[in-house]
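The values are calculated or read from the model by the stated rules, or taken from the named source; none is laboratory data. If you're wondering where the values come from, they're calculated on a predicted model, not measured in any experiment. Here the Cβ is made from the backbone with ideal geometry for all residues, glycine too, and neighbour counts use every protein chain on show.
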Amino acid sequence: MAVLVGKDSKVLVQGITGSEGTFHASQMIEYGTNVVGGVTPRKGGQTHLDRPVFNSVAEAVKETSADVSIIFVPPAFAADAIMEAAAAGIKVIICITEGIPVQDMVKAKAFIKDYDCTLVGPNCPGVITPGEAKVGIMPGFVFNQGRIGIVSKSGTLTYEAADQIVKAGLGISTAIGIGGDPIIGTPTKEAVELLMNDPDTDAIVMIGEIGGNYEALASEYIKSTGNKKPVVGFIAGQTAPKGRTMGHAGAIVGGHDDTAEAKMKIMAECGIHVVDSPGEIGETMARVLKG
């Protein structure tokens, strides 16, 4: 049972004819993802990457029965693309776009609450269920099939964690890159919950960063489950100065609870196996699973 995306997903690419959309859609197709078409306004009726292009998501869904959408649309139009996908009946919306204005995301997040859909991102690397579907920008060759789930705010640390897991002789069930913006569709807790409830996931890697309270809420949830699956955790930004945005728009230490140290303390108190370096993720997970 794949989490969010799998071999049965019918994937639509919003912005397929742009340079980013073209490059990553071709990579997704090469990986074996079932990309059924793309959307670019005013280019409907054309073919791109041997896939049909439609003027709207509604038209694309009607013709292809797409249920997953990935968005490679410029920041000024990306929130509208999210809302269009939700209104058209897309069940999983993955937004890669970076730099969407916060007020636009406030509007989009409020809008999609009325629809039966899950938004991942924005400003994220996407979701991959190795061997089944890659819906995003992650390098597929890093991810081997297995039973370890990954939830991460960072794209590069998602790949690093996967590499560490594979080098430890394990593999990945599903990796979810949730994104690092202040407002995202699927926060850490909800992503961890998906993997906790996935029968094909035995353990979870949770990667957070300074800023916000997502990791604390996720840690409390993990504790509330009775730690039914082991979780290895890492927090990026341990040397970050206060009051300065670091890397992601949401990565800023606003108070004591936003620091890496405070988050790591909460995680450890909730029974998570906290590591000081991403290089320790794989060996720690292997050791935890051996008991």
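Cβ-Cβ distance below 7 Å, separation of 6 or more or different chains: which pairs start in the range 1-24 with a residue that is of a type in the set (D, E, K, R) and end on one that is part of a loop (DSSP other than H, G, I, E, B) and modelled with pLDDT of 95 or more?
7/132; 10/34; 10/65; 10/66; 10/67; 20/72
Here is a list of conditions, (1) touching a Gly at 6+ places or on another chain (Cβ under 8 Å); (2) of a type outside the set (A, V, I, L, M, F, W, C); (3) without any contact (Cβ under 8 Å) to a residue 60 or more places away in the chain, and residue 103 meets all of them except one; can you say which number that is?
Evaluating residue 103 over (1) touching a Gly at 6+ places or on another chain (Cβ under 8 Å); (2) of a type outside the set (A, V, I, L, M, F, W, C); (3) without any contact (Cβ under 8 Å) to a residue 60 or more places away in the chain leaves (1) as the failure.
Looking only at the range 22-68, how many residues end up being touching a Leu at 6+ places or on another chain (Cβ under 9 Å) and not hydroxyl-bearing (Ser, Thr, Tyr)? Please lay out each step first, then the result.
Of all residues in the range 22-68, those touching a Leu at 6+ places or on another chain (Cβ under 9 Å) come to 22, 25-26, 29, 35-39, 54, 57, 60-61, 64, 66-68.
Checking the rest, the ones that are also not hydroxyl-bearing (Ser, Thr, Tyr) come to 25, 29, 35-39, 54, 57, 60-61, 66-68.
Total satisfying the criteria: 14.
Could you look through the range 194-237, keep only residues that are surrounded by 16 or more Cβ atoms within 10 Å (Cβ to Cβ) and hydroxyl-bearing (Ser, Thr, Tyr), and pick out the one that is modelled with the lowest pLDDT?
214
Being in a loop (DSSP other than H, G, I, E, B) and of a type in the set (S, T, N, Q) is the filter here, so list the residues in the range 178-198 that pass it. Even if it seems obvious, please write down each step before you answer.
Initially, the range 178-198 is screened for residues in a loop (DSSP other than H, G, I, E, B), giving 178-187, 197-198.
Passing the criteria: 186, 197.
Are any of the residues in the range 211-227 farther than 25 Å from residue 70 by Cα, of a type outside the set (Val, Ile, Thr), without any contact (Cβ under 8 Å) to a residue 40 or more places away in the chain and not in a helix (DSSP H, G or I)?
Yes, there is a match, as at least one residue in the range 211-227 is farther than 25 Å from residue 70 by Cα, of a type outside the set (Val, Ile, Thr), without any contact (Cβ under 8 Å) to a residue 40 or more places away in the chain and not in a helix (DSSP H, G or I).
Can you tell me how many residues within the range 67-94 are at negative phi and in contact with a helix residue (DSSP H, G or I) (Cβ under 6 Å, 6 or more places away or on another chain)? Spell out how you get there, then give the answer.
Our first condition is that a residue be at negative phi; within the range 67-94, this holds for 67-88, 90-94.
With in contact with a helix residue (DSSP H, G or I) (Cβ under 6 Å, 6 or more places away or on another chain) added as a condition, the list becomes 69, 71-73, 79, 82-86, 88, 93.
Counting residues in the range 67-94 that are at negative phi and in contact with a helix residue (DSSP H, G or I) (Cβ under 6 Å, 6 or more places away or on another chain) gives 12.
Residues in the range 155-177: is at least one part of a loop (DSSP other than H, G, I, E, B), within 10 Å of the chain's Cα centre (by Cα) and outside the structural domain of residue 20 (by TED's automatic domain parsing)?
Step one: of the range 155-177, the residues part of a loop (DSSP other than H, G, I, E, B) are 168-171.
So of that shortlist, the ones also within 10 Å of the chain's Cα centre (by Cα) come out as none.
Looking through the range 155-177, none of the residues is part of a loop (DSSP other than H, G, I, E, B), within 10 Å of the chain's Cα centre (by Cα) and outside the structural domain of residue 20 (by TED's automatic domain parsing).
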